[in-house]
Amino acid sequence: MSKPQLTRAGRLRLIEQLETLRIEGRREALERVKAARKFCDFREDVTYFDAVREQERIETKISELERTLADAVVVEEEATAGEVGFSDTVTLRELPDGDTETYQIVGELEADLANGSISATSPLGSGLMGATVGQTVSIASPGGTLTFEIVRIER
């Protein structure tokens, strides 16, 4: 199995998320458990069990982030000048209608289409890798083949 890839900024976001959970998340979860203990019958109290489940969820997320950060590789790929590479931001024009879209090429763990980032291993991401400004690329999708022209590449 290959190691997950991250941009430098993506790695920093995960580290920040981990530290927030370690400090604030743990503290808030512990406070909820303590508060629920004061006023409950442990055998039947939903508030107590919810607080404990939330504490477990936070600990699980912390473990997952620690594992991810230990396994992940920060990609410092140096794409050939003028070609789309990992962590580049690419502006596309959909053909023939002319709608433009902008995406950053990132690792699978960072991909968030709603926020304009796509995985380098997704059909669109992999189809864009190595393309140049002015080049037309065709991407197979469930709804048919989509065609895009590369308008701009930003490093």
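The values are calculated or read from the model by the stated rules, or taken from the named source; none is laboratory data. These numbers come from a predicted model, not from an experiment. Here the Cβ is made from the backbone with ideal geometry for all residues, glycine too, and neighbour counts use every protein chain on show. Ligands, DNA and RNA are excluded from the accessible area calculation, which covers all protein heavy atoms including side chains. Shrake-Rupley method; radii C 1.70, N 1.55, O 1.52, S 1.80 Å.
Some notes on this structure:
- Residues of type lysines that Lys3 reaches as a straight line, Cα spacing below 16 Å, ignoring anything fewer than 8 places off in the same chain: none
- In the context of the full set of protein chains, segment 1-140 has a per residue accessible area of 63 Å² (1.4 Å probe).
- Dividing the mean sequence gap of close Cα pairs (under 8 Å, 6+ apart) by how many residues the chain holds gives a relative contact order of 23 percent.
- Net charge of Cβ neighbours under 12 Å - reference Glu59; Lys, Arg +1; Asp, Glu -1: +1
- Across the chain, Cα-Cα distances exceeding 27 Å account for 44% of all pairs.
- Seen against the Cα atoms of the chain and their longest principal axis, helix 46-71 is set at about 40 degrees.
- Computed helical MRE - 222 nm, the chain, DSSP H runs ≥ 4 contributing -39500 (n - 2.57), nearest 500: -12000 deg cm²/dmol
- Asp88, Asp97, Asp112, Asp45, reordered so the largest accessible area comes first (probe 1.4 Å): Asp97, Asp112, Asp45, Asp88
- Annotation: aspartates and glutamates with alpha-carbon distance below 17 angstrom to Lys34 (same-chain offsets under eight excluded): Glu24, Glu44, Asp45, Asp50, Glu54, Glu56, Glu59.
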